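The values are calculated or read from the model by the stated rules, or taken from the named source; none is laboratory data. Just so it is clear, the structure is predicted and the values come from calculations on it, not from any experiment. In this analysis, Cβ positions are derived from the backbone assuming ideal geometry, glycine residues included, and neighbour counts consider all displayed protein chains. Heavy atoms of the whole protein, side chains included, go into the accessibility calculation; ligands, DNA and RNA do not. Shrake-Rupley method; radii C 1.70, N 1.55, O 1.52, S 1.80 Å.
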Amino acid sequence: MAIKNLDETTFKQILKENLTPAQAISSPEHLKGRAQNLRQIDRAFNSAGKHIFIYGDRGVGKTSLAQTAAFLHQSADAEPILLTCGAAPFLTTVRDAVRQALPLGGRIKQKKTEHRVKASVGGFGYDWAANISNGDVPPIETVNDAIQLLKYVGEAHSAEPVIIFDEFDQMVDNEQRKCCAEVIKQVSDQNLNVRFIFCGIGNSLENLIGVHLSTGRYLSPIHLERLTHDARWEIINAAANALGVKVSHGHLVRIGQISDGFPSYIHLIGEQLFWSMFDDEDLVDVCTQKHFESGVSQAVAEAETTLKMIYDNAVQKYLDDYEEVLWAVADHQLLRRQTTDIYEKSYLRIMAERYPRQPLVKHNFSLRLNALKSARHGQIIVGTGAGWYEFRENIVRGYVRLRAEKEGVQLGVEGYA
Ligand SMILES: Nc1ncnc2c1ncn2[C@@H]1O[C@H](COP(=O)(O)OP(=O)(O)OP(=O)(O)O)[C@@H](O)[C@H]1O
Ligand SMILES: [Mg+2]
């Protein structure tokens, strides 16, 4: 036992409650830095016929915001309904939502079912309404079918049902996206008692769902940004306080910088750092440089396999000088940078720390940068205008920073980058 007053069971319990590198959050207590977004959702839901669309980078925290908001707005008589979009037609996903909302032997009240049977005219008619009470949801073929069923969900599921349609970006077919837009429009126009929260990876709502709907009155768009520095530190501090230990401001800043505002890295480094403290032979209550370094090393080992693959595929080539070039791209707080800036402000500094390794001359550096854009290197970076570069996926920057940190090179140190 190396942290005062904590046996392993208690330690693990506290760690698990506070740090969730592989799980989305669903309670406001653990959702850091999103108060403003929760307020926006609250106000949008207070307006009849409004639904939410959360979009932004992969891993920025979209599902966590959606789930937390859903639990806040779903009435207490049931749980929110959570769906993942995929290659399947949107109406099939709606059918899954209805199924989830009305589970077999579930909470549908018989009298409501009877009421619907009598009230139901046209559409699915008698058979549908009778069957659905047994959890047997008919296939949905048209938007009107979907609306009828969602109306039913609005009456039978709970007082205020919230449905999350996550990973909207996975539904790539344009027709399906249009169909979704039509469902949203009908649900709003007919004033159905259901609230939707959509999430999708993307930097433009127009690209995700089309100009018509994205600019219309049905959706309240939330472009989710990376976490602020305060919020990054709060994640570690909340866990540290619960464990009764201290992490210095310097280490908090460093963890925040490495993460680049992507919360999973903060959870990951925090988790490993606290384990390192727990494993210490001495009784400790302050995180030392040794714990921090061990936390970073272990975080690299425990990071998502897909990130490792992206990184290794980019740098493990016949020539061994790609890694530092990639580090240089991830060095600055600006997402998009020009060759000269990357070379002079970052690369040469990094190489000075790598002595006796020798820096590339600028021409060769530019060639490497260009190569990193190619398929052979997994297109880890993309060119955005003559001589401008950025990561294809911003979440990768944090992983690059983590790898460099493990090798003793600090990236993203200027300001609170
Ligand atoms: N506001 C937050 N405060 C603390 N931790 C957060 C916050 N938002 C997300 N996280 C954590 O960050 C990680 C990623 O969150 P989440 O799964 O919500 O992101 P996402 O944008 O939905 O990712 P993806 O694009 O892969 O679907 C999770 O480990 C989650 O616990
Ligand atoms: Mg998600």
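Filtering region 73-91 to residues that are among the β-branched types (Val, Ile, Thr) and open to solvent by less than 60 Å² (accessible area, probe 1.4 Å) leaves only ILE81. Checking each residue in region 298-325 for being among the acidic types (Asp, Glu), over 27 Å from the mean Cα position of the chain (by Cα) and open to solvent by 20 Å² or more (accessible area, probe 1.4 Å) picks out ASP320, ASP321. The number of residues in region 234-250 that are surrounded by fewer than 22 Cβ atoms within 10 Å (Cβ to Cβ) and in contact with a Leu (Cβ under 8 Å, 6 or more places away or on another chain) comes to 2. What number of residues in region 42-65 are more than 16 Å from ligand 2 (Cβ to nearest atom) and of a type in the set (A, V, I, L, M, F, W, C)? The total comes to 3. The condition (being within 16 Å of ligand 2 (Cβ to nearest atom), under 28 Å from LYS185 (Cα atoms) and touching a strand residue (DSSP E or B) at 6+ places or on another chain (Cβ under 7 Å)) is satisfied by just one residue among THR84, THR68: THR84.
With respect to LEU19, is the statement that it is within 16 Å of ligand 2 (Cβ to nearest atom) and within 26 Å of TYR265 (Cα to Cα) true?
Values: within 16 Å of ligand 2 (Cβ to nearest atom): no; within 26 Å of TYR265 (Cα to Cα): yes.
No.
Within region 224-235, one or more residues are touching a helix residue (DSSP H, G or I) at 6+ places or on another chain (Cβ under 7 Å) and charged (D, E, K, R). Contact annotation: residue pairs with Cβ atoms under 8 Å, 6 or more positions apart or on different chains, pairing a residue in region 23-39 that is in contact (Cβ under 8 Å) with a residue 12 or more places away in the chain and polar (S, T, N, Q) with a partner that is open to solvent by 50 Å² or more (accessible area, probe 1.4 Å) and in a helix (DSSP H, G or I), are SER26/PHE71; SER27/PHE71.
In the condition set (1) closer than 20 Å to ARG43 by Cα; (2) touching a Cys at 6+ places or on another chain (Cβ under 9 Å); (3) at pLDDT 95 or above, GLY200 is compliant with all but (1).
Please work out if GLU344 is out of contact with any helix residue (DSSP H, G or I) (no Cβ under 7 Å at 6 or more places or on another chain) and acidic (Asp, Glu). Full working, then the answer.
Working: out of contact with any helix residue (DSSP H, G or I) (no Cβ under 7 Å at 6 or more places or on another chain): yes; acidic (Asp, Glu): yes.
It is true that GLU344 is out of contact with any helix residue (DSSP H, G or I) (no Cβ under 7 Å at 6 or more places or on another chain) and acidic (Asp, Glu).
Go through region 55-64 and give me each residue that's outside any loop (DSSP other than H, G, I, E, B), open to solvent by 10 Å² or more (accessible area, probe 1.4 Å) and within 8 Å of ligand 1 (Cβ to nearest atom).
Just the residues of region 55-64 that are outside any loop (DSSP other than H, G, I, E, B), to begin with: 55-56, 62-64.
Next cut, open to solvent by 10 Å² or more (accessible area, probe 1.4 Å) only: 55, 62-64.
Answer for region 55-64, where residues must be outside any loop (DSSP other than H, G, I, E, B), open to solvent by 10 Å² or more (accessible area, probe 1.4 Å) and within 8 Å of ligand 1 (Cβ to nearest atom): LYS62, THR63, SER64.
Considering only region 164-223, state which residues are more than 14 Å from ligand 1 (Cβ to nearest atom), part of a loop (DSSP other than H, G, I, E, B) and in contact with a strand residue (DSSP E or B) (Cβ under 7 Å, 6 or more places away or on another chain). Scanning region 164-223 gives VAL194, TYR218.
Name every residue in region 195-204 that is surrounded by fewer than 21 Cβ atoms within 10 Å (Cβ to Cβ) and away from ligand 2 (no atom under 16 Å from the Cβ), in order of residue number. Lay out the reasoning, then the answer.
Of all residues in region 195-204, those surrounded by fewer than 21 Cβ atoms within 10 Å (Cβ to Cβ) come to 201-204.
Listed by number, the list holds a single entry, SER204.
Among the numbered conditions (1) more than 16 Å from ligand 2 (Cβ to nearest atom); (2) within 24 Å of GLU79 (Cβ to Cβ); (3) open to solvent by 10 Å² or more (accessible area, probe 1.4 Å); (4) modelled with pLDDT of 90 or more, the only one that GLN170 does not meet is (1).
Considered as a group, the residues in region 2-32 that are in contact with an Asp or Glu (Cβ under 7 Å, 6 or more places away or on another chain) and part of a loop (DSSP other than H, G, I, E, B) include one that is most open to solvent (accessible area, probe 1.4 Å), and that residue is LYS4.
With among the aromatic types (Phe, Trp, Tyr) and modelled with pLDDT of 95 or more as the only criterion, which of TYR218, TYR265 stands out? Write out each step before concluding.
On the way: TYR218 fails: modelled with pLDDT of 95 or more.
The match here is TYR265.
For region 65-72, the criterion of being more than 27 Å from ASP260 (Cβ to Cβ) and open to solvent by 20 Å² or more (accessible area, probe 1.4 Å) is met by at least one residue.
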